[in-house]
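Taken together, the values in this text are just the output of simple stated rules run on the coordinates, not laboratory data. Note that the coordinates shown come from a computational prediction; the quantities given were computed from them, not determined experimentally. Glycine gets a Cβ as well: all are built from the backbone with ideal geometry, and neighbour counts include every protein chain shown.
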Amino acid sequence: MQQAHIFYSGIVQGVGFRYTVNSIAKDLGVKGWVRNLVDGRVEILAEGLEETLKQMCLDIENHFDRNIRDKQVDMREASQKFQNFEIRY
């Protein structure tokens, strides 16, 4: 199990980004959360199998291909402390 700490920038707020990420993550069985940041980026902390996390990112990027300007990802060992995936406010 891996943990992906992801930051997306671009036009990623006010376009349903968090809700779409939430849906994609739940469909793939990914655990963690997504939230907006005050600087306009979206932050995701997600845990699952490495291939599943890669698929989640691919699905997000395919859905928002015109909105995303940049992505930063930091992979590490999963904490396994999450029970589900949620939107944080």
Subject >> Rel. contact order, % - alpha carbon contacts under 8 angstrom, at least six apart, the range 11-89 >> reply: 42
Subject >> Length added when fully stretched, residue 69-residue 50, from 0.36 nm per residue minus Cα-Cα >> reply: 4.5 nm
Original post:
Counting Lys and Arg as +1 and Asp and Glu as -1, what is the net charge of the other residues whose Cβ lies under 15 Å from the Cβ of residue 67?
Top reply: +1
Subject >> With Cα atoms, 0 to 90° folded angle of helix 17-28 axis to the chain main axis >> reply: 30
Original post:
Given the rule -39500 (n - 2.57) for each run of at least 4 DSSP H residues, summed and divided by the residues of the chain, what is its mean residue ellipticity at 222 nm, to the nearest 500 deg cm²/dmol?
Top reply: -9500 deg cm²/dmol
Original post:
Which length gain, in nm to one decimal place, applies between residue 37 and residue 61 when the Cα-Cα distance is subtracted from 0.36 nm times their residue separation?
Top reply: 6.8 nm
Original post:
When semi-axes √(5λ) of the Cα gyration tensor in Å is calculated directly from the model, which label among [x] 22, 15, 13; [y] 51, 28, 11; [z] 19, 13, 12 fits?
Top reply: [z]
Original post:
By the gyration tensor of its Cα atoms, with a ≥ b ≥ c the square roots of the eigenvalues, what is the shape of the range 1-42: rounded for a/c under 1.5, prolate for a/b over b/c, or oblate?
Top reply: oblate
**OP:** Kindly put 53, 28, 37 in sequence by how many other C-beta atoms sit within 10 Å of each C-beta, fewest to most.
**Re:** 37, 28, 53
**OP:** Would you mind counting up the charge near residue 41? Only other residues with Cβ under 11 Å from its Cβ, with Lys and Arg at +1 and Asp and Glu at -1.
**Re:** 0
**OP:** Could you please report the charge total around residue 55, scoring K, R as +1 and D, E as -1 over all other residues with beta-carbon less than 12 angstrom from its beta-carbon?
**Re:** -4
Original post:
How do 52, 20 rank when sorted from fewest to most other Cβ atoms within 10 Å of their own Cβ?
Top reply: 20, 52
**OP:** Keeping to pairs on different chains or 8 or more places apart, tell me how many lysine pairs in the chain have Cα atoms under 18 Å apart.
**Re:** 5
